[in-house]
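First comes the structure, then the notes that go with it.
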2 protein chains.
Amino acid sequence: MRSLLAFAFACSVLTAADNNKPLLVAEQGSFFVGGETKSSNPPNAAPDATPSDVTVNQMYVQYQKPVNAGQHVPVVMVHGCCLSSKTWETTPDGRMGWNEYFLRKNRSVYLADQVARARSGFDATIINSVKSGAAKPSQLPNVLFASHQVAWTVFRFGPTYGTAFPDEQFPMQAVDELYKQMIPDFNSLLPTPNPTWKDMAALAVQLHGAVLMGHSESGFFPEEAALIDPTGVRGIVSIEMACTTNMNPQQLATMAKIPILVMFGDHLGDVKGPFGGIWTMNFETCKKFVDQVTAAGGDAQLMELPKLGIKGNSHMLMQDKNNLQLADLILTWIDKHVEAKKIR
Amino acid sequence: MRSLLAFAFACSVLTAADNNKPLLVAEQGSFFVGGETKSSNPPNAAPDATPSDVTVNQMYVQYQKPVNAGQHVPVVMVHGCCLSSKTWETTPDGRMGWNEYFLRKNRSVYLADQVARARSGFDATIINSVKSGAAKPSQLPNVLFASHQVAWTVFRFGPTYGTAFPDEQFPMQAVDELYKQMIPDFNSLLPTPNPTWKDMAALAVQLHGAVLMGHSESGFFPEEAALIDPTGVRGIVSIEMACTTNMNPQQLATMAKIPILVMFGDHLGDVKGPFGGIWTMNFETCKKFVDQVTAAGGDAQLMELPKLGIKGNSHMLMQDKNNLQLADLILTWIDKHVEAKKIR
């Protein structure tokens, strides 16, 4: 037993050391997926600049490929509401994020800023139109953003603003750094269906197969992408969101062909206030969805962290103190459910 | 002569091969500089969510350190109007950008999204206020963006939209990919002085010294940052912008302590239309500024690429076909003017 413990300790030390080693990157860069040309109205439009075209609905993607990526399926990570791809990078308290950890586990990682967010830009036409009087104020989009107060409870840092759960896994001493990541969300500007879904499906095709990962607002985007075009979607990781529960048999048949992991953290029912009920409600929709996919012959798994003895995880679980432990759960799931045929 | 040519060819082949080698990254990640808390009005504000605080004016910074960075001063790159840090990454036609090239030349590189742009977010308060009727449409910001038509001439791809200069260095076959990088610019929302200046100065201090590089809208930001706090500013690279020509003696004395490189491309006076005159006008302000700093005893250099025999460069010269040649000019300048004391 003592030698087992010593061995486990040695392994964890080794792992920590490995994570500090220089990274060997075979290739890195960025590009866009999708995008259409439309006519717009810049406030600085020159007299002879008519027509005035802009590109909208493009999705910015930043990637790194490890030297030994060949054996593994690339992973595409898409952030949630009022956030950017910063979600997956250095944690608020300065630890390694999932993007680098997956890379160190020999996965090619693609971070996509949702359409209408961050480096993907957005369509500002309506704002300039309202300013010039050509459109009404009511036509402005609802610009969604999470205040510190809303984030505290919706992200399940504690029962009420200013109080943390005793076993909270989010690095609360660095919560101010998370607040800096929270940026306005123009998704209400977007056409239906959300262009990010189509762009994610196209990216998966472009990569000759990928695992699509979504979180919160984008948690169900991998499924939506697969409904548009499942060709490139080798696996789906959906983290803490509301699931669709009224898919038709044909849609469920599409879902049943793709391994799906749905992950939820802790304290789902422990938050007070107006958002108190959302997580148990969202969880129930996903439980139903997973059951429906399973009934359709699919490989869908609902992973409830507390049931695995992993307690205290917030909604921002990719930034929680045990984030690499959770990453390992996902990596193991990908190995077994998405890549098993290749590995055998 | 033949052997010299063969040697030169061998060297260029070697360099190209080096640029395809795996990258060895000692450390990478992202963080924010600056940021303040203010009260705002999310459209989804919960009844008990008052006060509703958000963080604004933070600057997102993404970095990579090479294994052999120790001997070199880090370089901070800040993009221009209607663009993001994508500016410095993979070029529109898929070649290596300056961020990776500088890294391969053993420089730590820090890419900052300007405050109010991309992953730095922006303050959406006024938009929600106008929508709700609490503020007037005229209070909306001018959302600046460059249409395809405006970009073509302002970025000096050719004399008029649709026509390229015969010796144009921008990869015109990929101009649609540049259009995807062009995103709305909320700088008109920002307080005075622009928080990006303070954040850049603070970043330079945090890095214990850095070369600050700006382009176009941000071309003079390094100088503005140094006027706020020159402590960390080891060198300045200003690319294609308007310069301030009315600094007082004290400000010029500050400038005179920092090596400054100002770089301009080709065809400054060859563009037709309403923006036809801006580049020769901007160039003249910078010529005057460089003369003033030189007269104050400083080390300021105005680099005109055509005078070096380098023809056809656009405003987006970090993406031009000869972008690595231009990067080498900057690297050599840094070696000589910023780091010479250390190297000797």
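Points worth noting:
- Here the condition is being modelled with pLDDT of 95 or more and surrounded by fewer than 16 Cβ atoms within 10 Å (Cβ to Cβ); of A:Pro222, A:Pro249, it holds for A:Pro249 alone.
- Subset of the range B:125-149 (residues that are open to solvent by 20 Å² or more (accessible area, probe 1.4 Å), assigned to a loop (DSSP other than H, G, I, E, B) and more than 7 Å from chain A (Cβ to nearest Cβ)): B:Ala134, B:Lys136
- Just one of the listed residues (B:Met255, B:Met182) is among the aliphatic types (A, V, I, L, M), in contact (Cβ under 8 Å) with a residue 24 or more places away in the chain and open to solvent by 10 Å² or more (accessible area, probe 1.4 Å), namely B:Met182.
- Test: A:Val56 is more than 7 Å from chain B (Cβ to nearest Cβ), at pLDDT 95 or above and touching a Ser or Thr at 6+ places or on another chain (Cβ under 6 Å): no
- Qualifying positions in the range A:58-97 - β-branched (Val, Ile, Thr) and not in a loop (DSSP other than H, G, I, E, B): A:Val61, A:Val75, A:Val76, A:Val78, A:Thr87
- Consider the range A:270-284 and keep the residues that are more than 14 Å from every other protein chain (Cβ to nearest Cβ) and open to solvent by 50 Å² or more (accessible area, probe 1.4 Å). The one that is nearest to A:Gly158 (Cα to Cα) is A:Asp270.
- Being touching an Asp or Glu at 6+ places or on another chain (Cβ under 7 Å) and not charged (D, E, K, R) holds for only one residue in A:Met255, A:Met247, A:Met281, and it is A:Met255.
- Qualifying residue in the range A:317-336 (condition: surrounded by fewer than 19 Cβ atoms within 10 Å (Cβ to Cβ), in contact (Cβ under 8 Å) with a residue 40 or more places away in the chain, in contact with a helix residue (DSSP H, G or I) (Cβ under 6 Å, 6 or more places away or on another chain) and not in a helix (DSSP H, G or I)): no
- Answer residue from the range B:96-144, given it is within 23 Å of the chain's Cα centre (by Cα) and β-branched (Val, Ile, Thr) and is farthest from A:Pro137 (Cα to Cα) among those: B:Val109
- Flag if B:Asp167 is open to solvent by 20 Å² or more (accessible area, probe 1.4 Å), modelled with pLDDT of 95 or more and facing another protein chain (nearest Cβ under 9 Å): no
- In the range B:98-124, the residues that are in contact with a Pro (Cβ under 9 Å, 6 or more places away or on another chain), assigned to a helix (DSSP H, G or I) and facing another protein chain (nearest Cβ under 10 Å): B:Leu103
- Meets criteria (closer than 23 Å to A:Val61 by Cβ, more than 13 Å from every other protein chain (Cβ to nearest Cβ), modelled with pLDDT of 95 or more and crowded, with 24+ Cβ neighbours inside 10 Å) for B:Phe157: no
The values are calculated or read from the model by the stated rules, or taken from the named source; none is laboratory data. Owing to the predicted nature of the structure, the values given are computational and were not obtained by experimental measurement. Don't worry about glycine lacking a Cβ; one is built from the backbone with ideal geometry, like all the others, and counts go over all protein chains shown. In case anyone asks, the SASA skips ligands and DNA or RNA and just uses the protein heavy atoms, side chains included. Shrake-Rupley method; radii C 1.70, N 1.55, O 1.52, S 1.80 Å.
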